[in-house]
Structure formats: C-alpha cells, structure tokens
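Working notes for the structure below.
The values are calculated or read from the model by the stated rules, or taken from the named source; none is laboratory data. The model shown is predicted, which means the values in this text are computed figures rather than measured ones. Here Cβ is always computed from backbone atoms with ideal geometry, including for glycine, and neighbour counts include all displayed protein chains. The accessibility values were calculated without ligands, DNA or RNA, using every heavy atom of the protein model including side chains. Shrake-Rupley method; radii C 1.70, N 1.55, O 1.52, S 1.80 Å.
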Amino acid sequence: MTATAAPEAATAGTLPPGSSPWQLARRELRRRPAVRISLCVVTLFVLMAATAPWLGALGGWSPEEFDKSAVDPYLGGLPLGSFGGISPEHWLGVEPVTGRDLFARVVTGAQVSLLIAFAATAIVVVTGTAAGIAAGYFGGRTDAVLSRLMDLTMSFPSLIFMIAMLSVAKDVNRIVLMTAVIGVFGWPGVARVVRGQTLSLKHREYVDAARVAGSGSWRILTREILPGVSGPVIAYTTLLIPGMISTEAALSYLGVGVRPPTPSWGQMIAESVAYYETDPMYFVIPSAFLFLAVLAFTLLGDALRDILDPRGSRS
C-alpha cells in the first residue's frame with residue numbers, strides 16, 4: 001500500500017459499510033468547523049430572504065418609507081447620531097438624505113439578490129445538465145451540435161452583452177429579465193462538466209446491463225446516468241450561487257440591474273460611494289452583507305466539491 005493510499009484507507013475504514021454518498025457528505029461536513037459556520041450563515045441568509053417582509057415590519061419600517069426626522073437637513077441630509085444613525089428606531093442606521101431604514105432595505109435586498117441568484121442557478125443547472133447528458137450519452141451529431149452551441153455561448157463577452165440587453169429593455173420586470181439573462185450565459189459550464197461525467201459513465205457495466213435488459217434511453221438516462229452525475233452537479237451548483245449573487249450585485253451597481261425603489265445590495269453600494277467619507281456605515285453595511293453571503297456560499301461549495309467530486313477538485 002502506498003503512502004498516499006494509506007490515509008484514504010484509514011478514513012474509509014472508519015466509515016460504516018454501505019454508507020451512501022450523502023451520509024458520507026453529512027459526516028464530513030460535521031467534521032469541518034468552517035463549513036458548519038458557513039452552513040449556519042447560509043441558512044440565516046436564506047431565512048432572512050424568505051421572511052424579509054416580516055423582518056422589515058418587525059423593525060417598524062418599510063424599505064421605501066422616508067424618515068426625515070432621522071437626518072439633519074443642515075448637514076446635507078446626513079444621519080443624526082453616531083454610526084450612520086444606528087438607534088433603537090433604526091437598527092442599522094438610515095440612508096443619507098432620505099432617512100430610509102437600512103435594516104429594512106438590507107433584508108429586502110437579500111430577498112432580491114438571493115431570489116435572482118437561486119432562480120438563475122436553477123435555470124443554469126437544469127439546462128446545463130440536460131444538454132450535458134444528451135451530448136455525452138448520444139454522441140455523434142447531437143454531441144457536435146450541443147458542443148458547438150456551448151462554444152458559441154461561452155465566446156460571447158457575457159457581461160457586456162448583459163449590460164446591453166438590460167439597458168435596452170425598459171418596461172419589463174427587471175428581476176425576471178435579470179434571471180433570464182444571467183441564466184442564458186451560465187449553462188455551458190455545467191454542460192461541460194456533465195458531458196465529461198456522462199462520457200465516463202455510459203460504458204460502465206451497470207449501464208451496459210440496463211441496456212442489454214431492454215431499458216430505453218430515457219430510463220437509462222434518468223435511472224443510471226443522472227444519479228451518477230448528481231454529486232458533481234450539486235457541488236457545482238453550490239459554487240454557482242456566489243457567482244450569481246456577485247453578478248446581480250455588479251449589474252445593479254452599474255445601474256442596469258434592479259431599479260429604485262426596489263433595494264439591492266449592489267445598488268445600495270453604488271449609492272453609498274458618494275458618502276463613504278461622511279457616512280462610511282452606509283457603505284460598510286451592504287458591503288458586509290454581500291461579502292458574508294458570497295464567502296459563506298463559496299466555502300460551503302468548496303467543501304461539497306471536495307466531498308462529492310474529489311477527482312474534479314484535484315484536477
């Protein structure tokens with residue numbers, strides 16, 4: 001036994017026989033403190049996004065409600081009090097000039113950012129998985145057409161094209177449009193990963209046995225191939241979400257994403273740039289929420305990739 005194989009064998013020896021990949025994943029996740037913390041942070045953000053209207057009401061302010069008594073009209077509308085106007089009435093302070101409550105706007109911004117990120121990721125994963133499995137399993141002309149479509153999509157300067165499309169479209173639902181536009185350019189990465197996994201699975205013994213037993217292509221794809229690629233897909237999905245959150249924030253920061261008065265973390269950061277010297281908390285608070293969300297999802301995705309797709313993480 002080689003030196004590198006010994007630790008793996010020792011680890012495998014501590015695992016009960018017959019453990020499923022998900023049991024192994026849960027066991028490994030429990031062993032990593034950083035991942036447990038990241039999972040808790042992710043859960044908090046998801047709960048915050050899901051309960052944003054109730055959390056805003058709990059704070060006593062709606063995200064669009066002005067509070068002129070919280071700002072000083074003689075100092076250019078800067079918040080009254082220390083640290084950007086943090087007080088029992090405004091838990092995270094207020095916006096300069098308008099006096100809108102930052103807590104209500106941050107939690108509503110979390111709802112907008114995570115909704116777009118999750119919906120766009122779902123489009124990317126479903127489209128990419130379907131295209132990758134079809135290209136890898138059927139091969140031939142199907143593989144050639146889908147592979148060229150992947151190359152064509154990936155050759156576009158996606159950020160510039162997103163900015164152009166979002167700038168041209170005016171009277172449309174911005175959340176739906178951003179979700180669709182981000183999803184259109186994201187699927188080829190998943191498709192390439194799934195195609196490679198499918199190529200390595202389609203000639204396995206259990207797939208050949210199912211084919212000999214008379215199973216059709218649909219049954220083989222859904223019962224044999226799809227479970228085999230689910231681990232890498234789930235790991236890749238978790239790593240996609242922070243990228244989607246960052247993309248939404250970047251587009252909103254550039255002014256082509258979510259439009260006021262609907263709050264977004266990127267939009268709030270863009271507006272706070274003018275006040276970073278006089279009211280730094282206005283810049284720090286949405287930036288901190290964006291940073292924590294991206295970091296937590298990234299750490300969780302890295303851990304899932306190491307566990308569910310160890311060969312991919314070493315390549």
Spot the failing condition for Ala210; the list is (1) modelled with pLDDT under 85; (2) assigned to a helix (DSSP H, G or I); (3) farther than 23 Å from Phe297 by Cα; (4) open to solvent by 20 Å² or more (accessible area, probe 1.4 Å), and only one is missed. (4)
Only one of these is buried (at least 16 other Cβ atoms within 10 Å of the Cβ) and not acidic (Asp, Glu): Leu47, Leu102. Name it. Leu102
So Ile225, is it farther than 30 Å from Gly136 by Cβ, more than 17 Å from the chain's Cα centre (by Cα), open to solvent by less than 60 Å² (accessible area, probe 1.4 Å) and at pLDDT 85 or above: no
Determine which member of the set Val184, Val172, Val145, Val176 is aliphatic (A, V, I, L, M) and in contact (Cβ under 8 Å) with a residue 12 or more places away in the chain. Val184
Show the residue pairs that are 6+ apart or on different chains and have beta-carbon atoms under 6 Å apart, the first residue being within region 105-134 and of a type in the set (Lys, Arg), the second being open to solvent by less than 10 Å² (accessible area, probe 1.4 Å). Arg105/Pro263
Out of curiosity, is Ile307 in a helix (DSSP H, G or I), open to solvent by 10 Å² or more (accessible area, probe 1.4 Å), in contact (Cβ under 8 Å) with a residue 24 or more places away in the chain and in contact with an Asp or Glu (Cβ under 6 Å, 6 or more places away or on another chain)? yes
Do we have any residue at all in region 267-290 that's surrounded by 23 or more Cβ atoms within 10 Å (Cβ to Cβ), among the small types (Gly, Ala, Ser) and either touching a Cys at 6+ places or on another chain (Cβ under 8 Å) or closer than 23 Å to Trp91 by Cβ (or both)? no
Only one residue in Ala122, Ala117, Ala57 is assigned to a helix (DSSP H, G or I), farther than 30 Å from Gly301 by Cα and either among the aliphatic types (A, V, I, L, M) or open to solvent by 60 Å² or more (accessible area, probe 1.4 Å) (or both). Which one? Ala57
Has region 82-90 got at least one residue that is touching a residue at least 12 places away in the same chain (Cβ under 8 Å) and not in a loop (DSSP other than H, G, I, E, B)? no
State whether the residues of region 77-97 include one that is within 31 Å of the chain's Cα centre (by Cα), open to solvent by 10 Å² or more (accessible area, probe 1.4 Å) and among the polar types (S, T, N, Q). no
